[in-house]
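The values are calculated or read from the model by the stated rules, or taken from the named source; none is laboratory data. Not measured: the values here are computed from a predicted model. For neighbour counting, all protein chains shown are included, and Cβ atoms are generated from backbone atoms with ideal geometry for every residue, glycine included.
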Amino acid sequence: MKEKKDALETLFSQLENQWDTETPRLGHSDRFLKKLNATPIQKKKKNWLPLSLAASLLLIVGMISFYQLKNEQPIDQWQNASSQTKETHDYFASVVEKELIDLKSKQTPETEEIINDALNQMKVFDQDYQKIISELQKNGDTKQLLHAMILNFQTRISFLEEVIKKIEIINLKNTIENEKFI
C-alpha cells in the first residue's frame with residue numbers, strides 16, 4: 001500500500017507546475033448556469049418530428065404492401081402440368097388424406113409417440129414432393145416427374161398403412177391384456 005502512495009506522490013511531484021490554474025473570464029458561472037437551465041429537449045422534439053412522420057409513413061406503406069402480397073393468388077403449381085397429372089395428384093392426395101385421418105383417429109396415449117414419428121416422416125415425404133412439384137413447374141410434365149410423383153404418393157400410402165397396422169397390433173395387445181385382468 002505504501003508503494004502505491006509513493007508512486008502517486010512521485011507522479012504529483014513531477015506534474016507540480018504543469019497544472020492549469022487559469023481563472024475563467026468574468027461572468028463564466030452565469031453563462032454556465034444559463035446554458036444549464038436552457039431547455040434543449042424542446043429543440044430535440046422538433047428535430048424528431050419529421051423523422052417520426054417519415055417512419056410512420058414507411059410503416060403504413062410496409063403494412064399495406066404486406067397485406068397486398070398476402071392476398072395475391074399463389075402461382076398455380078400445375079400450370080405446366082397436364083390434366084392427367086392434376087388428376088393423379090388429386091386422387092393420390094385424397095387417399096393420403098384419408099389415411100392420415102384414419103391414423104389420427106387411432107391416437108391413444110400408448111400410440112402417441114408412433115403417430116408423432118409417422119407425422120414427422122410424412123413431413124419429409126412432403127418436402128420431397130415439393131421438390132418434385134418445383135421441378136414440374138420448371139421443366140413441365142415429364143414421365144420421370146410423373147413417376148416420381150406417383151412413387152412418392154405410393155410410398156406415403158404404404159408407410160401410413162404399415163403404421164396403422166402396427167397401431168392396431170398395439171391396441172389389440174392392450175385389449176387382450178386388459179381382458180386378462182378382468
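Tabulated results
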item: The stretch 113-152 - residue that is of a type in the set (Val, Ile, Thr) and over 28 Å from the mean Cα position of the chain (by Cα) and, of those, modelled with the lowest pLDDT; result: 142
item: The listed residue being exposed (fewer than 10 other Cβ atoms within 10 Å of the Cβ), aliphatic (A, V, I, L, M) and at pLDDT 75 or above, out of 36, 69, 58; result: 36
item: So residue 134, is it small (Gly, Ala, Ser) and under 23 Å from residue 168 (Cα atoms); result: no
item: Condition met for residue 155 (out of contact with any Lys or Arg (no Cβ under 8 Å at 6 or more places or on another chain), β-branched (Val, Ile, Thr) and at pLDDT below 90); result: no
item: Failed condition for residue 105, given (1) in contact (Cβ under 8 Å) with a residue 60 or more places away in the chain; (2) among the hydroxyl-bearing types (Ser, Thr, Tyr); (3) surrounded by fewer than 13 Cβ atoms within 10 Å (Cβ to Cβ); result: (1)
item: Pick from the stretch 139-173, criterion charged (D, E, K, R) and without any contact (Cβ under 8 Å) to a residue 12 or more places away in the chain, ranking: nearest to residue 90 (Cα to Cα); result: 143
item: Looking only at the stretch 158-182, and only at residues there that are among the hydrophobic types (A, V, I, L, M, F, W, C) and loosely packed, with under 11 Cβ neighbours inside 10 Å, the one that is modelled with the lowest pLDDT; result: 182
item: Residue 105, sole failed condition from (1) closer than 30 Å to residue 175 by Cβ; (2) in contact with a helix residue (DSSP H, G or I) (Cβ under 9 Å, 6 or more places away or on another chain); result: (2)
item: Condition met for residue 116 (in contact (Cβ under 8 Å) with a residue 40 or more places away in the chain and exposed (fewer than 15 other Cβ atoms within 10 Å of the Cβ)); result: no
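Here is a yes/no grid of residues against (1) over 25 Å from residue 84 (Cα atoms); (2) of a type in the set (Asp, Glu); (3) touching a Phe, Trp or Tyr at 6+ places or on another chain (Cβ under 7 Å):
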{"position": "127", "(1), (2), (3)": "no, no, no"}
{"position": "133", "(1), (2), (3)": "no, no, no"}
{"position": "139", "(1), (2), (3)": "no, no, no"}
{"position": "155", "(1), (2), (3)": "no, no, yes"}
{"position": "158", "(1), (2), (3)": "no, no, no"}
{"position": "174", "(1), (2), (3)": "yes, no, no"}
